[in-house]
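The values are calculated or read from the model by the stated rules, or taken from the named source; none is laboratory data. Computed from a predicted structure; not experimentally measured. We place every Cβ from the backbone using ideal geometry, glycine too, and count neighbours over all the protein chains shown. For accessibility, only protein heavy atoms count, side chains too; no ligands or nucleic acids. Shrake-Rupley method; radii C 1.70, N 1.55, O 1.52, S 1.80 Å.
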Amino acid sequence: MEEVENKINEARRIARQIEQALSDGDWEQVAPDSPQLREEVGIPARLHENIKRHDSFDTEKALNKFIAATRPARRLSVVYKYAAAVACLVMLGVGYYFYQTTEGTDPRSGLLAQSAYLVLDDGKQVELNRQMQMDYNGLRIINTNEGKVSFQHEKESAHVSPNKLVVPEGTEYSLQLSDGTNVHLNAGSTLVFPSVFGKDARVVELSGEGYFDVTHSGVPFIVKSKSMDVRVLGTTFNMTAYPEDPVVTTTLLTGKVAVTCHSQTDTTTRTTVLTPGLQARFQPREGVLQVDSVDVEEQTAWRRGEFTFEDVDLGSIMTIIGRSFALNVTFDDPELQDIKCFISIQRDKGYEDILKIIHMATGVKFKKDGNEIRVYK
């Protein structure tokens, strides 16, 4: 444990050097033993921008949580890898951007261009890879070049047939529903929704992850998934409901929501009401519902194009990265999935550079074959 704390103290020392450099402008004296870091720090404007972008990451909190979590006896290899994750993050100052890749690859090489698409009620498929406007059953469907499609109508209509927005792995997309509600869907998600909502309820069905900014109305807005339903009148929340994940969640940013959970093992339902800053986590197989206070900025970092993981296991991290870049990830040793990480990096740098950072933080290695990623020691 003493060696681990020595690593943390060294990381803190380097972080203080960077902070002092920001204060007095003495860029050349920062981390003189690290040419890569010195080269990046030598660009004050870029360093300042990186600091601003990541100033929400509480390194002190992360370090304290690490020390508390690792004081009990644990396998030595896992402890040191955990320490490396923390030390690496603090040594880099504020995150990923001080790392200099030595390969001549495009940092965006892993970001796929596969587009989202609509499936209309008559089965027609509409690709959303270009700007377009179309009239359909009394509605106007408008797709912009900014990754957002909207359904607009000028008068009440009895046409409430379902449509589907499909967002493949490797991309994200936004949708404005006919009532003005905005939904941002994460990679590998689908949303089933009517062209026009009925008078009794506004109901949509989610598979995957979505960030909802619901227009306030006296008509309830309900998001249904296989294991969790969320009922609101007007609020902002994030919901994850990937069918393959063992946990579904709802995180509330504003307003109030009622959450109803459905167990896979019996007919029992569990309910709770969330206020801002709370997250409902439900395990459908076990029928366990848990409500915790969370950092909503961390939970919704994906909307800002960031991967932010605080004390998250590598298995979960690689699942998210796999979806985001349409990659199939396998682990040689299941124990590698349990390594904990503190990482905050930008998605648009591409998965190759992101994997390099994870390698620096944890010591694990990655082998790429097409869209297959193998994780090994």
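A few comments on the model shown:
- Cubic angstrom per residue, convex hull over Cα atoms of the stretch 295-372: 83
- Maximal additional length on extending the Asn145-Thr254 stretch stands at 36.4 nm, based on 0.36 nm per residue less the C-alpha distance.
- Summarising the amide proton neighbourhood of Thr254: residues at separation of 5 or more, or on other chains, whose placed amide H is nearer than 5 Å comprise Thr236.
- Kirkwood Rh in Å, taken over all unlike Cα pairs in the stretch 149-248: 13.6
- Size-normalised alpha-carbon gyration radius of the stretch 216-300, reference 2.2 N^0.38 Å: 1.03
- Entries in Lys148/Lys256; Lys124/Lys164; Lys164/Lys256; Lys199/Lys224 that, when Cα-Cα distance is taken, lie over 22 Å: Lys148/Lys256; Lys164/Lys256
- Once the Cα-Cα distance is subtracted from the 0.36 nm per residue extended length, the Thr330 to Met134 segment shows a gain of 66.3 nm.
- Among Tyr351, Tyr117, the order of accessible area from largest down is Tyr117, Tyr351, computed with a 1.4 Å probe on protein heavy atoms.
- Of the listed residues Val312, Val232, Val203, the order by accessible area with a 1.4 Å probe, largest first, is Val203, Val312, Val232.
- For the stretch 133-237, the list of GluC sites (Glu not before Pro) that fall in a loop by DSSP and count at most 11 other C-beta atoms within 10 angstrom reads Glu146, Glu154, Glu156.
- Over the stretch 268-329: Kirkwood hydrodynamic radius from C-alpha pairwise inverse distances, Å: 13.8
- Measuring only protein heavy atoms, the 1.4 Å probe finds Arg347 accessible over about 30 Å².
- Translational D in µm²/s for the stretch 247-365 (Stokes-Einstein at 20 °C, 1.002 mPa s, Kirkwood Rh from C-alpha pairs): 133
- Å² per residue, accessible surface of the stretch 237-377 at 1.4 Å: 43
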